[in-house]
Amino acid sequence: MSNDHALAAKAFVVTRRPRLADVVDHPKLDFADYERRLASLQGVLQLIQQAYLGTPERAIIVLEGWDTAGKGGVVRRLGWALDPRSFGVSPIASPDEHERAQHYLQRFWRRLPENGHIVAFDRSWYGRVLVERVEGFATEKEWRRAYREINAFERMLIDSGVRLVKVFLHITADEQLKRFRARLTDPVKRWKLSYEDFRNRARWADYVTAIEDMMDKTSTKQAPWHLVPANNKLFGRVAVFRILKERLGEGVSLEPRPIDPALLKEAKRALGLNPAEVAQALEPAPRRPRARRGGGE
(Lines give C-alpha, C1' and ligand atoms only; values in the text may rest on other atoms or scores of the structure.)
Protein backbone atom coordinates (compact mmCIF):
# COMPACT_ATOMS: atom_id res chain seq x y z
CA MET A 1 0.00 0.00 0.00
CA SER A 2 1.38 3.42 -0.97
CA ASN A 3 1.75 6.12 1.66
CA ASP A 4 -0.70 8.33 -0.25
CA HIS A 5 -3.38 5.64 -0.05
CA ALA A 6 -2.56 4.82 3.57
CA LEU A 7 -2.90 8.50 4.52
CA ALA A 8 -6.32 9.09 2.91
CA ALA A 9 -8.89 10.13 5.51
CA LYS A 10 -11.31 7.36 4.56
CA ALA A 11 -8.66 4.76 5.43
CA PHE A 12 -9.04 5.67 9.12
CA VAL A 13 -12.84 5.93 9.42
CA VAL A 14 -14.40 3.58 11.96
CA THR A 15 -17.46 1.93 10.43
CA ARG A 16 -17.93 -0.93 12.89
CA ARG A 17 -16.72 -1.93 16.32
CA PRO A 18 -12.91 -2.02 16.17
CA ARG A 19 -10.59 -4.47 17.87
CA LEU A 20 -7.53 -2.53 18.94
CA ALA A 21 -5.56 -5.77 19.20
CA ASP A 22 -6.03 -6.18 15.44
CA VAL A 23 -4.36 -2.82 14.69
CA VAL A 24 -0.94 -4.27 13.93
CA ASP A 25 0.03 -2.25 10.86
CA HIS A 26 1.82 0.92 11.96
CA PRO A 27 3.19 2.55 8.77
CA LYS A 28 6.31 4.68 8.85
CA LEU A 29 7.47 7.85 7.13
CA ASP A 30 11.07 8.90 6.71
CA PHE A 31 11.88 12.36 8.02
CA ALA A 32 12.33 14.07 4.64
CA ASP A 33 8.99 12.77 3.37
CA TYR A 34 7.35 13.78 6.65
CA GLU A 35 8.67 17.35 6.52
CA ARG A 36 7.59 17.78 2.89
CA ARG A 37 4.10 16.44 3.52
CA LEU A 38 3.58 18.30 6.78
CA ALA A 39 4.63 21.67 5.34
CA SER A 40 2.25 21.20 2.40
CA LEU A 41 -0.65 20.22 4.66
CA GLN A 42 0.01 23.12 7.03
CA GLY A 43 -0.19 25.45 4.04
CA VAL A 44 -3.55 24.04 2.96
CA LEU A 45 -4.91 24.36 6.50
CA GLN A 46 -3.85 28.01 6.47
CA LEU A 47 -5.94 28.51 3.32
CA ILE A 48 -8.90 26.72 4.90
CA GLN A 49 -8.64 28.91 8.00
CA GLN A 50 -8.55 32.04 5.83
CA ALA A 51 -11.53 30.80 3.81
CA TYR A 52 -13.57 30.46 7.03
CA LEU A 53 -13.01 34.10 8.06
CA GLY A 54 -16.05 36.29 7.64
CA THR A 55 -18.31 33.28 7.04
CA PRO A 56 -20.54 31.08 9.22
CA GLU A 57 -18.04 28.22 8.82
CA ARG A 58 -16.60 26.90 12.09
CA ALA A 59 -15.00 23.67 13.15
CA ILE A 60 -14.19 21.48 16.13
CA ILE A 61 -11.26 19.06 16.22
CA VAL A 62 -11.57 16.34 18.88
CA LEU A 63 -8.24 14.71 19.75
CA GLU A 64 -8.29 11.60 21.90
CA GLY A 65 -5.71 8.87 22.36
CA TRP A 66 -3.53 6.92 24.75
CA ASP A 67 -1.13 8.74 27.04
CA THR A 68 2.03 9.57 25.01
CA ALA A 69 0.20 8.83 21.71
CA GLY A 70 1.12 12.23 20.23
CA LYS A 71 -1.84 14.55 20.79
CA GLY A 72 0.44 17.33 22.04
CA GLY A 73 2.68 17.06 18.98
CA VAL A 74 -0.33 17.47 16.69
CA VAL A 75 -1.59 20.46 18.67
CA ARG A 76 1.81 22.19 18.55
CA ARG A 77 2.07 21.82 14.78
CA LEU A 78 -1.42 23.17 14.33
CA GLY A 79 -0.44 26.12 16.48
CA TRP A 80 2.66 26.74 14.39
CA ALA A 81 0.60 26.87 11.21
CA LEU A 82 -2.66 28.60 12.12
CA ASP A 83 -3.41 32.19 13.10
CA PRO A 84 -4.23 32.24 16.84
CA ARG A 85 -6.79 34.99 16.28
CA SER A 86 -9.23 32.42 14.90
CA PHE A 87 -7.71 29.16 16.15
CA GLY A 88 -7.81 28.01 19.74
CA VAL A 89 -6.93 24.98 21.85
CA SER A 90 -8.98 23.72 24.79
CA PRO A 91 -6.89 21.35 26.93
CA ILE A 92 -9.40 19.42 29.00
CA ALA A 93 -8.44 18.47 32.54
CA SER A 94 -10.55 17.08 35.37
CA PRO A 95 -13.66 19.16 36.11
CA ASP A 96 -13.38 21.51 39.07
CA GLU A 97 -15.80 21.56 41.99
CA HIS A 98 -18.16 24.00 40.28
CA GLU A 99 -18.18 21.98 37.05
CA ARG A 100 -18.83 18.71 38.89
CA ALA A 101 -22.07 20.22 40.18
CA GLN A 102 -23.25 20.80 36.58
CA HIS A 103 -24.16 18.51 33.71
CA TYR A 104 -20.83 17.22 32.35
CA LEU A 105 -21.47 18.67 28.87
CA GLN A 106 -22.11 22.18 30.18
CA ARG A 107 -18.45 23.15 30.43
CA PHE A 108 -17.93 22.35 26.76
CA TRP A 109 -20.62 24.72 25.55
CA ARG A 110 -18.48 27.66 26.72
CA ARG A 111 -15.61 26.48 24.53
CA LEU A 112 -17.48 26.03 21.23
CA PRO A 113 -16.12 28.06 18.28
CA GLU A 114 -17.57 31.32 17.01
CA ASN A 115 -18.28 31.80 13.31
CA GLY A 116 -15.05 31.68 11.32
CA HIS A 117 -13.13 29.94 14.11
CA ILE A 118 -11.53 26.52 14.63
CA VAL A 119 -11.15 24.97 18.09
CA ALA A 120 -9.10 21.87 18.93
CA PHE A 121 -10.09 19.91 22.03
CA ASP A 122 -7.11 18.09 23.54
CA ARG A 123 -9.32 15.48 25.22
CA SER A 124 -13.02 16.18 25.28
CA TRP A 125 -16.52 15.22 26.43
CA TYR A 126 -15.48 11.63 25.73
CA GLY A 127 -13.84 11.61 29.13
CA ARG A 128 -17.23 10.58 30.50
CA VAL A 129 -17.05 7.21 28.69
CA LEU A 130 -13.29 6.77 29.03
CA VAL A 131 -11.45 7.90 32.17
CA GLU A 132 -14.61 8.63 34.17
CA ARG A 133 -15.97 5.19 33.33
CA VAL A 134 -12.77 3.27 33.96
CA GLU A 135 -11.74 5.13 37.12
CA GLY A 136 -15.24 5.09 38.61
CA PHE A 137 -15.82 8.86 38.55
CA ALA A 138 -19.14 8.24 36.77
CA THR A 139 -21.67 5.60 37.72
CA GLU A 140 -22.48 2.87 35.24
CA LYS A 141 -25.89 4.45 34.66
CA GLU A 142 -24.22 7.80 33.92
CA TRP A 143 -21.62 6.57 31.45
CA ARG A 144 -24.04 4.26 29.66
CA ARG A 145 -26.47 7.15 29.24
CA ALA A 146 -23.63 9.34 27.93
CA TYR A 147 -23.41 7.57 24.56
CA ARG A 148 -26.92 8.77 23.71
CA GLU A 149 -26.25 12.22 25.13
CA ILE A 150 -23.00 12.63 23.19
CA ASN A 151 -24.56 11.54 19.90
CA ALA A 152 -27.40 14.04 20.42
CA PHE A 153 -24.91 16.79 21.36
CA GLU A 154 -22.81 16.18 18.26
CA ARG A 155 -25.84 15.95 16.00
CA MET A 156 -26.97 19.33 17.34
CA LEU A 157 -23.54 20.83 16.60
CA ILE A 158 -23.50 19.46 13.06
CA ASP A 159 -27.08 20.56 12.36
CA SER A 160 -26.09 24.09 13.38
CA GLY A 161 -23.26 24.10 10.83
CA VAL A 162 -20.25 23.03 12.90
CA ARG A 163 -17.70 20.82 11.15
CA LEU A 164 -16.70 18.11 13.61
CA VAL A 165 -13.61 15.93 13.17
CA LYS A 166 -12.86 13.20 15.73
CA VAL A 167 -9.45 11.50 15.83
CA PHE A 168 -8.12 8.79 18.14
CA LEU A 169 -4.35 8.19 18.17
CA HIS A 170 -3.61 4.54 18.90
CA ILE A 171 -0.27 3.13 20.04
CA THR A 172 0.61 -0.31 21.37
CA ALA A 173 1.36 -1.05 25.02
CA ASP A 174 4.99 -1.75 24.18
CA GLU A 175 5.34 1.57 22.36
CA GLN A 176 3.85 3.40 25.31
CA LEU A 177 6.44 1.86 27.62
CA LYS A 178 9.23 3.09 25.32
CA ARG A 179 7.80 6.60 25.42
CA PHE A 180 7.41 6.54 29.20
CA ARG A 181 11.08 5.57 29.50
CA ALA A 182 12.11 8.31 27.06
CA ARG A 183 10.21 10.90 29.06
CA LEU A 184 11.67 9.73 32.35
CA THR A 185 15.28 9.90 31.12
CA ASP A 186 14.96 13.22 29.25
CA PRO A 187 14.95 16.20 31.64
CA VAL A 188 13.21 18.36 29.03
CA LYS A 189 10.31 15.92 28.73
CA ARG A 190 10.16 14.68 32.30
CA TRP A 191 7.41 17.15 33.21
CA LYS A 192 5.06 15.26 30.85
CA LEU A 193 5.18 12.11 32.96
CA SER A 194 2.83 11.74 35.92
CA TYR A 195 1.74 9.15 38.44
CA GLU A 196 -1.63 8.99 36.66
CA ASP A 197 0.11 7.78 33.48
CA PHE A 198 1.26 4.62 35.25
CA ARG A 199 -2.04 4.19 37.07
CA ASN A 200 -3.93 4.39 33.78
CA ARG A 201 -1.56 1.91 32.18
CA ALA A 202 -2.29 -0.62 34.92
CA ARG A 203 -5.87 -0.65 33.62
CA TRP A 204 -4.93 -1.00 29.95
CA ALA A 205 -7.43 -3.82 29.30
CA ASP A 206 -10.27 -1.79 30.84
CA TYR A 207 -9.39 1.19 28.66
CA VAL A 208 -9.29 -1.02 25.55
CA THR A 209 -12.86 -2.14 26.25
CA ALA A 210 -13.97 1.44 26.92
CA ILE A 211 -12.34 2.75 23.71
CA GLU A 212 -13.86 0.00 21.60
CA ASP A 213 -17.30 0.61 23.16
CA MET A 214 -16.94 4.35 22.58
CA MET A 215 -16.18 3.95 18.88
CA ASP A 216 -18.86 1.33 18.42
CA LYS A 217 -21.55 3.57 19.91
CA THR A 218 -20.46 7.07 18.79
CA SER A 219 -18.85 6.64 15.36
CA THR A 220 -21.81 7.86 13.33
CA LYS A 221 -22.21 8.66 9.65
CA GLN A 222 -22.36 12.37 10.47
CA ALA A 223 -19.50 12.30 13.02
CA PRO A 224 -17.28 9.26 12.45
CA TRP A 225 -14.22 8.41 14.47
CA HIS A 226 -10.86 8.25 12.71
CA LEU A 227 -8.60 5.59 14.27
CA VAL A 228 -4.96 6.44 13.49
CA PRO A 229 -2.12 3.96 14.15
CA ALA A 230 0.56 6.19 15.68
CA ASN A 231 3.48 4.02 16.78
CA ASN A 232 5.43 6.06 14.24
CA LYS A 233 5.02 9.67 15.37
CA LEU A 234 5.75 11.09 11.93
CA PHE A 235 3.11 8.98 10.21
CA GLY A 236 0.58 9.74 12.95
CA ARG A 237 1.01 13.50 12.65
CA VAL A 238 0.77 13.55 8.88
CA ALA A 239 -2.25 11.24 8.96
CA VAL A 240 -4.08 13.61 11.32
CA PHE A 241 -3.24 16.62 9.18
CA ARG A 242 -4.44 14.79 6.07
CA ILE A 243 -7.74 13.98 7.81
CA LEU A 244 -8.14 17.61 8.85
CA LYS A 245 -7.38 18.85 5.35
CA GLU A 246 -10.02 16.59 3.80
CA ARG A 247 -12.72 17.07 6.44
CA LEU A 248 -12.31 20.78 7.16
CA GLY A 249 -11.77 21.67 3.51
CA GLU A 250 -14.64 19.68 2.02
CA GLY A 251 -16.68 21.97 -0.21
CA VAL A 252 -14.65 25.05 0.76
CA SER A 253 -13.23 27.21 -2.02
CA LEU A 254 -9.57 28.00 -1.43
CA GLU A 255 -9.36 30.47 -4.30
CA PRO A 256 -8.45 34.05 -3.33
CA ARG A 257 -11.54 36.16 -2.77
CA PRO A 258 -12.21 39.01 -5.22
CA ILE A 259 -11.27 42.41 -3.91
CA ASP A 260 -14.08 44.56 -2.57
CA PRO A 261 -14.89 47.31 -5.13
CA ALA A 262 -15.18 49.95 -2.40
CA LEU A 263 -11.76 48.95 -1.03
CA LEU A 264 -10.23 49.10 -4.50
CA LYS A 265 -11.72 52.54 -5.09
CA GLU A 266 -10.26 53.85 -1.84
CA ALA A 267 -6.90 52.22 -2.58
CA LYS A 268 -6.78 53.89 -5.99
CA ARG A 269 -7.40 57.25 -4.36
CA ALA A 270 -4.98 56.81 -1.46
CA LEU A 271 -2.20 55.00 -3.31
CA GLY A 272 -2.55 56.58 -6.73
CA LEU A 273 -2.69 53.17 -8.43
CA ASN A 274 -1.96 53.06 -12.12
CA PRO A 275 -4.05 50.88 -14.50
CA ALA A 276 -1.55 48.01 -14.39
CA GLU A 277 -1.67 47.92 -10.59
CA VAL A 278 -5.48 47.99 -10.64
CA ALA A 279 -5.50 45.06 -13.05
CA GLN A 280 -3.09 43.15 -10.81
CA ALA A 281 -5.34 43.78 -7.79
CA LEU A 282 -8.34 42.47 -9.70
CA GLU A 283 -6.54 39.29 -10.76
CA PRO A 284 -4.34 38.29 -7.82
CA ALA A 285 -1.87 35.45 -8.05
CA PRO A 286 -2.71 32.31 -6.04
CA ARG A 287 -1.74 32.61 -2.42
CA ARG A 288 1.31 30.61 -1.38
CA PRO A 289 1.38 30.46 2.42
CA ARG A 290 4.53 29.37 4.18
CA ALA A 291 4.07 26.98 7.08
CA ARG A 292 6.56 26.26 9.79
CA ARG A 293 8.02 22.83 9.51
CA GLY A 294 7.55 20.48 12.44
CA GLY A 295 10.88 18.93 13.21
CA GLY A 296 11.82 17.15 16.40
CA GLU A 297 9.37 16.01 19.02
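When region 73-100 is filtered for residues that are among the small types (G, A, S) and out of contact with any Pro (no Cβ under 9 Å at 6 or more places or on another chain), the ones remaining, listed by number, are G73, G79, S90, A93, S94.
Would you call R107 among the basic types (K, R), part of a helix (DSSP H, G or I) and under 24 Å from H170 (Cβ atoms)? No; evaluated as a whole, the condition is false for this residue. When region 15-40 is filtered for residues that are under 23 Å from A173 (Cα atoms) and hydroxyl-bearing (S, T, Y), nothing remains.
Among helices (runs of 4 or more DSSP H) entirely within region 129-201, having at least 2 residues that are open to solvent by 70 Å² or more (accessible area, probe 1.4 Å) singles out 140-159, 173-185, 195-201. Each residue in region 24-72 was checked for being within 16 Å of P91 (Cβ to Cβ) and surrounded by fewer than 18 Cβ atoms within 10 Å (Cβ to Cβ), and 1 pass. When the residues of region 176-219 are filtered to those that are among the hydrophobic types (A, V, I, L, M, F, W, C) and touching a residue at least 40 places away in the same chain (Cβ under 8 Å), the one that is farthest from V131 (Cα to Cα) is F180.
For the structure I just gave you, tell me whether V240 is of a type in the set (A, V, I, L, M, F, W, C) and either open to solvent by less than 40 Å² (accessible area, probe 1.4 Å) or touching a strand residue (DSSP E or B) at 6+ places or on another chain (Cβ under 9 Å) (or both). It is true that V240 is of a type in the set (A, V, I, L, M, F, W, C) and either open to solvent by less than 40 Å² (accessible area, probe 1.4 Å) or touching a strand residue (DSSP E or B) at 6+ places or on another chain (Cβ under 9 Å) (or both). Restricting E255, E250, E283 to those that are farther than 23 Å from R58 by Cα and open to solvent by 70 Å² or more (accessible area, probe 1.4 Å) reduces the list to E283. Has region 76-86 got at least one residue that is of a type outside the set (V, I, T), in contact (Cβ under 8 Å) with a residue 12 or more places away in the chain, outside any helix (DSSP H, G or I) and open to solvent by 40 Å² or more (accessible area, probe 1.4 Å)? Yes - at least one qualifying residue is present in region 76-86. Can A93 be described as at pLDDT 95 or above and part of a loop (DSSP other than H, G, I, E, B)? No: the conditions fail for A93. Of the numbered conditions (1) touching a Phe, Trp or Tyr at 6+ places or on another chain (Cβ under 7 Å); (2) farther than 22 Å from F241 by Cα; (3) open to solvent by less than 40 Å² (accessible area, probe 1.4 Å), R107 fails exactly one; give the number of that condition. Tallying (1) touching a Phe, Trp or Tyr at 6+ places or on another chain (Cβ under 7 Å); (2) farther than 22 Å from F241 by Cα; (3) open to solvent by less than 40 Å² (accessible area, probe 1.4 Å), R107 fails exactly one: (1).
The values are calculated or read from the model by the stated rules, or taken from the named source; none is laboratory data. Nothing here was measured: the structure is a model prediction, and the numbers come from that model. Every residue, glycine among them, receives a Cβ derived from its backbone with ideal geometry; neighbour counts consider all protein chains shown. Just so you know, the surface numbers come from the protein's heavy atoms only, side chains and all, with ligands and any DNA or RNA stripped out. Shrake-Rupley method; radii C 1.70, N 1.55, O 1.52, S 1.80 Å.
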